[in-house]
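Participant: Structure below; questions to follow.
The values are calculated or read from the model by the stated rules, or taken from the named source; none is laboratory data. Note that the coordinates shown come from a computational prediction; the quantities given were computed from them, not determined experimentally. In this analysis, Cβ positions are derived from the backbone assuming ideal geometry, glycine residues included, and neighbour counts consider all displayed protein chains.
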Amino acid sequence: MKQVFNFNAGPAALPKEVLQKAQAELLNYQDSGLSVMELSHRSKQYESIQNHATERLRTLMNIPDDYDILYMQGGASLQFSAVPMNFLKEGKTANYCLTGSWSEKALKEAKKVGSTHIASSSKEANYSHIPESLELSDNPAYLHITSNNTIFGTQWRTTPDLPAKVPLIADMSSDILSRSIPVDDYSLIYAGAQKNLGPSGVTVVIVKKELLERCPDNLPTMLNYQTYAKNSSLYNTPPTFSIYMLSLVLDWVADQGGVEQIEAINTEKANLLYHVIDSSDNFYKGPARNDSRSNMNVTFTLPSEMLTKKFLQQASESGFVGLSGHRLIGGCRASIYNAVPLAHCEKLAQFMKDFHTNFM
Ligand SMILES: Cc1ncc(COP(=O)(O)O)c(C=O)c1O
């Protein structure tokens, strides 16, 4: 099989061991004579897969008992609407920190539901950093942040300081499970699975039970978080195969030694690439400010459009996949989620150094 180094931004690399396990079980799941894809979502076998994923995630992320874990569809993009529909009431204002295109999109959907306020923004600085301070509106319904900005390559280092009663809601699509976080600082966390958790198709929502009391009864059933919480995410047919893959990825994270161990490797991977950028005499430039750099998406530019093209072309010929920057901002981006091995980052670091040397 062709050896490639996958730096795709999402859907992204999956652990090889997970793909091998899924392959081995594909036709005959635990002697059932059926594929997981063919199991009823009401069967005991499927129920135990989903329960296993939930228990694993709770343990790995230290999720307290007063939080529900929900499995939804529609990606993080549906959450952009679901969050304000459930929690933005008349007389309240939804607060957003603008740190990139995904938070802009989240804000756009909230505006359709009710009153909104930009609590902080780094738009004027081309989203090169996470704003230091924020200003809340009167009567805030919640504060929404995007913990990792996949396109611009920036990441929140700490949780913003908020008055106790203001719920903090985070889109963690591109850094969930990549580092230890204090879950109880958040009222709701959501993440599409296709970067750190598994294949696309399932969106994980971690929500404080207390917040669910605010969901209005008149919402469309499938947009109301209560529907998922009350029915163990089995009101309708869930994305069963994606949840099975999620359970295998979570087992893999546990086998690696858990989130702390994963975090240490992720830091090492990111440092390797940032070191090449920083020691290249401005040949490679990182648009993200040092104090806001992401450990998941390393963005960089080369001195000209022509060199960028040449870099991407040679990288592709050497087996590197997914290094083009997002179509909105161009340049290059290496997405180094949990499943991207350290060895692949070492290969990329060497390739970047060699490309630079050959150019000189
Ligand atoms: C931070 C972030 N939020 C939201 C999205 C949109 O996710 P989805 O395609 O699952 O709707 C993405 C996709 O890359 C993302 O990186």
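Participant: Is it true that some residue in the range 135-150 is of a type in the set (A, V, I, L, M, F, W, C), touching a Lys or Arg at 6+ places or on another chain (Cβ under 8 Å) and either outside the structural domain of Met245 (by TED's automatic domain parsing) or not in a strand (DSSP E or B) (or both)?
Facilitator: No.
Participant: Quick one: in the range 50-90, of everything that is closer than 13 Å to Tyr225 by Cβ and aromatic (Phe, Trp, Tyr), which residue is nearest to the ligand (Cβ to nearest atom)?
Facilitator: Once the filter is applied, the top-ranked residue is Tyr71.
Participant: List the number of the failed condition for Gln3; all other conditions in (1) on the phi < 0 side of the Ramachandran plot; (2) polar (S, T, N, Q); (3) modelled with pLDDT of 95 or more hold.
Facilitator: Every listed condition holds for Gln3 apart from (3).
Participant: Being within 28 Å of Trp156 (Cβ to Cβ), surrounded by fewer than 14 Cβ atoms within 10 Å (Cβ to Cβ) and either out of contact with any His (no Cβ under 6 Å at 6 or more places or on another chain) or hydroxyl-bearing (Ser, Thr, Tyr) (or both) is the requirement here; does Leu302 meet it?
Facilitator: Here the answer is no, as Leu302 does not meet what is asked.
Participant: I'm checking my understanding of the structure. Among residues of the range 17-35 that are of a type outside the set (Gly, Ala, Ser) and in contact (Cβ under 8 Å) with a residue 12 or more places away in the chain, which one is nearest to the ligand (Cβ to nearest atom)?
Facilitator: Only one residue tops the list, namely Val18.
Participant: Among the residues of the range 80-98, is there at least one that is aliphatic (A, V, I, L, M) and under 22 Å from Leu250 (Cβ atoms)?
Facilitator: no
Participant: I need the full set of residues from the range 11-34 which are surrounded by 15 or more Cβ atoms within 10 Å (Cβ to Cβ) and over 28 Å from the mean Cα position of the chain (by Cα), in order please.
Facilitator: Residues satisfying the conditions are Tyr29, Leu34.
Participant: Against the condition of a type outside the set (Phe, Trp, Tyr) and over 26 Å from His144 (Cα atoms), how does Leu39 come out, does it pass?
Facilitator: yes
Participant: Out of the range 315-339, which residues are modelled with pLDDT of 95 or more and over 16 Å from Phe300 (Cβ atoms)?
Facilitator: Ser316, Glu317, Ser318, Gly319, Val321, Tyr337, Asn338, Ala339, listed by residue number.
Participant: Exactly one of these conditions fails for Asn8: (1) in contact (Cβ under 8 Å) with a residue 24 or more places away in the chain; (2) surrounded by fewer than 16 Cβ atoms within 10 Å (Cβ to Cβ). Give me its number.
Facilitator: All conditions pass for Asn8, except number (2).
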